[in-house]
Amino acid sequence: MPDKTRILFLCTGNSCRSQMAEGWARHLKGDVFESYSAGIETHGLNPNAVKVMAEAGVDISGHKSKHLKDLSEVQFDYVVTVCDNAHESCPIFPGRTRVIHVGFDDPPRLARQASTEQQALDIYRRVRDEIRAFVEKLPQALEEH
């Protein structure tokens with residue numbers, strides 16, 4: 001059996017969006033992709049991201065916030081930047097790595113404006129579902145960007 005395609009979801013702090021993307025990719029596309037996530041910084045794992053992913057049946061509670069340099073030994077086929085800051089700060093990847101930008105709203109930033117915890121969690125759920133929709137279209141979605 002050939003090696004799986006290696007995909008990295010890159011975000012600013014590897015706390016929310018990239019973690020959700022890695023979780024969805026492992027859950028939905030584990031037969032096709034070897035999935036990773038990292039940040040250009042590390043901000044720790046966002047508890048609301050863990051909560052809304054668990055609601056959808058995906059456990060990311062064991063994930064750790066990783067810096068991109070922690071994965072320097074891995075040769076990625078694709079790097080998907082999931083936030084504008086990571087896209088703008090994305091380093092050059094050697095070899096055949098293809099970098100694609102698919103931006104998603106930042107739940108922690110948007111949730112600061114929420115007046116209730118329910119409203120805040122609804123923001124996380126919306127972004128979770130948008131990321132799931134993207135991951136469900138893999139690998140075809142990689143060719144569209």
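The values are calculated or read from the model by the stated rules, or taken from the named source; none is laboratory data. Because the structure is a prediction, the values reported are computed rather than measured. Positions of Cβ are generated from backbone atoms using ideal geometry, with glycine treated the same way; all protein chains shown enter the neighbour counts.
Side notes on the structure shown:
- Ala25 without any contact (Cβ under 8 Å) to a residue 60 or more places away in the chain, assigned to a helix (DSSP H, G or I), among the hydrophobic types (A, V, I, L, M, F, W, C) and in contact with a Ser or Thr (Cβ under 9 Å, 6 or more places away or on another chain): no
- Checked against (1) in contact with a Phe, Trp or Tyr (Cβ under 8 Å, 6 or more places away or on another chain); (2) charged (D, E, K, R); (3) closer than 26 Å to Ile123 by Cα, Glu88 meets all criteria but (1).
- Test result for His63, surrounded by 20 or more Cβ atoms within 10 Å (Cβ to Cβ), under 21 Å from Arg125 (Cβ atoms) and under 15 Å from the mean Cα position of the chain (by Cα): yes
- Unique residue being crowded, with 20+ Cβ neighbours inside 10 Å and either at pLDDT 95 or above or farther than 18 Å from Arg26 by Cβ (or both) when the list is Cys83, Cys90: Cys83
- Within this structure, Lys51 passes the test of being in a helix (DSSP H, G or I) and over 18 Å from Glu88 (Cβ atoms).
- Where helices (runs of 4 or more DSSP H) fall entirely within the stretch 66-145, none has at least 3 residues that are touching a residue at least 40 places away in the same chain (Cβ under 8 Å), of a type in the set (Phe, Trp, Tyr) and touching a Gly at 6+ places or on another chain (Cβ under 6 Å).
- Tyr124 falls short on exactly one of the conditions (1) over 19 Å from Tyr36 (Cα atoms); (2) within 17 Å of the chain's Cα centre (by Cα); (3) loosely packed, with under 13 Cβ neighbours inside 10 Å, and that condition is (3).
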